[in-house]
Amino acid sequence: MTLTKNSEAPLHTDLENPRSSGHILPMRTATVKRTTGETDVEVSLNLDGTGICTAATGIPFLDHMLHQISSHGLIDLEVRATGDIEIDDHHTNEDVGITIGQALTKALGDRKGIVRFGHFFAPLDEALVQVTLDFSGRPHLSYGLEIPTQRVGTYDTQLVREFFVAVVNHSQMTLHIRQLDGINSHHIIEATFKAFARAVRMAVEIDPRRASTIPSSKGVL
Ligand SMILES: [Mn+2]
């Protein structure tokens with residue numbers, strides 16, 4: 001469940017790590033707790049992490065996907081949720097998405113210095129999914145997945161869209177998801193989360209040429 005990696009990692013020099021070149025930047029972390037009549041969710045994340053993940057939402061397939069976000073996004077992510085899964089997974093799935101979106105917003109702060117845009121094509125065997133995103137301040141989702149089965153394990157595949165709607169609305173992200181190929185539902189969804197993770201990683205990187213300005217011609221995101 002929890003992966004740690006550190007002891008063998010080489011030390012970065014100042015030249016290799018833009019976050020340590022010139023000025024010292026704090027780790028971009030956030031913790032958000034959200035409680036409703038339906039769910040209780042706590043998310044902690046570190047955008048400058050190494051992919052350490054604990055995911056315990058009560059929805060095994062969602063946990064598997066959260067591990068993709070962490071591992072491929074190099075985001076340390078801890079998600080704990082209890083919800084009314086005796087009804088179905090809908091509320092818990094959505095509220096995990098909302099809380100992750102809020103944690104992203106909190107960790108990014110004023111979004112100074114970030115690359116802002118991110119994109120990635122992820123293959124997983126026969127599946128190929130493209131994710132393009134922009135931490136624009138304007139929530140928008142274009143969702144182009146055609147998942148062929150109603151369920152993967154016990155997970156309702158309609159909830160993939162619900163998860164990303166929640167993340168988009170609460171991180172104020174513009175997100176386009178395109179499925180270029182794929183037959184197997186598990187592969188299509190997992191390729192989506194991998195592509196999303198890599199696109200987020202690209203977008204939240206600090207651009208050393210941008211220094212600490214806000215990446216918008218309007219001066220605000
Ligand atoms: Mn898998």
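Quick note: the coordinates plus some simple rules give every number you see, no bench work behind them. Values in this document were obtained by computation on a predicted structure and should not be read as measured data. Cβ sites come from the backbone with ideal geometry, for glycine too, and all protein chains shown count toward neighbours.
Tabulated data for the structure shown
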item: Subset of the range 63-87 that is among the hydrophobic types (A, V, I, L, M, F, W, C) and touching a helix residue (DSSP H, G or I) at 6+ places or on another chain (Cβ under 6 Å) - its residue that is nearest to the ligand (Cβ to nearest atom); result: 65
item: Single unsatisfied condition, residue 208 versus (1) in contact with a Gly (Cβ under 9 Å, 6 or more places away or on another chain); (2) closer than 19 Å to residue 65 by Cα; (3) away from the ligand (no atom under 16 Å from the Cβ); result: (2)
item: Filtered residue count, the range 106-150, keeping only those that are closer than 27 Å to residue 31 by Cα, surrounded by fewer than 17 Cβ atoms within 10 Å (Cβ to Cβ) and in contact with a helix residue (DSSP H, G or I) (Cβ under 8 Å, 6 or more places away or on another chain); result: 5
item: Odd one out for residue 184, checked against (1) within 16 Å of the ligand (Cβ to nearest atom); (2) touching a Ser or Thr at 6+ places or on another chain (Cβ under 6 Å); (3) not small (Gly, Ala, Ser); result: (2)
item: Matching residues, the range 78-93, being in contact (Cβ under 8 Å) with a residue 60 or more places away in the chain and either hydrophobic (A, V, I, L, M, F, W, C) or crowded, with 20+ Cβ neighbours inside 10 Å (or both); result: 89, 93
item: Matching residues in the range 181-221 - criterion: being of a type in the set (Asp, Glu) and assigned to a strand (DSSP E or B); result: 181
item: Answer from 66, 45 - the residue that is of a type outside the set (S, T, N, Q) and out of contact with any Cys (no Cβ under 8 Å at 6 or more places or on another chain); result: 45
